[in-house]
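Heads up, the thing below is written out as structure tokens.
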Amino acid sequence: MATFIGFSTAGKVKPPYSLVDLDLVKQDLLNHLNTSKGERVMRPNYGSIIRESLMEPLDGLIIQDIKDDCTRIVGNDPRVELLDISVATMEHSLRVEMYLQYKADLSQDVLIAEFDVFNEEEA
């Protein structure tokens, strides 16, 4: 039996739109990471700094800020624990890998979030 049940249309063309347990947690975290900080009305602390950081030179300080931001976001979700985080920069993109432990059954998984610089410039 599922501990958490939710709904998401991300990446789906037709029903079913339901997600459960770790899949739901990962989608919720991706939603949080893909929302710019301050973008949500009445929730100025919701969101991530990653999108704004893509246009900065991705040096050690910015990478550490991104890691700290991801740690804050995962730390605010009581369903998972962050085991490790890795940030890799490519020529035109940024890849964040977060190793998570789902607290309900202690299963572990990797959440991969990729951010493309070109998509930001075209938007």
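The values are calculated or read from the model by the stated rules, or taken from the named source; none is laboratory data. Owing to the predicted nature of the structure, the values given are computational and were not obtained by experimental measurement. Backbone-built Cβ (ideal geometry, glycine too); neighbour counts: all protein chains shown. The accessibility values were calculated without ligands, DNA or RNA, using every heavy atom of the protein model including side chains. Shrake-Rupley method; radii C 1.70, N 1.55, O 1.52, S 1.80 Å.
What the table shows:
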quantity	calculated
Peptide ranges 72-79, 105-112, 8-15 listed from the most packed, as the mean C-beta count within 10 angstrom indicates	72-79, 105-112, 8-15
Principal-axis tilt of helix 21-33 within the chain, Cα atoms, nearest 10 degrees	30 degrees
Per-selection Kirkwood Rh - segment 63-123 (Cα, Å, 1 d.p.)	12.6 Å
By accessible area with a 1.4 Å probe, ligands and nucleic acids excluded, highest first: order of MET42, MET90, MET98	MET42, MET90, MET98
Convex hull of Cα atoms in the chain, direction-averaged projection (nm²)	8.7 nm²
Share of carbon and sulfur in the accessible heavy-atom surface of segment 1-68 [1.4 Å probe, %]	57 percent
Residue among ALA113, ALA10, GLY60 farthest towards the positive dipole end of the chain, charges placed on Cβ	ALA10
Between helix 60-75 and the chain: long-axis angle, C-alpha atoms, 0 to 90°, nearest 10	20 degrees
Top positive-direction residue, dipole computed over the chain with Cβ charges, set ILE50, LEU82, HIS92	LEU82
Residues of type aspartates and glutamates that LYS103 reaches as a straight line, Cα spacing below 16 Å, ignoring anything fewer than 8 places off in the same chain	ASP21, ASP23, ASP28, ASP77, GLU81, ASP84
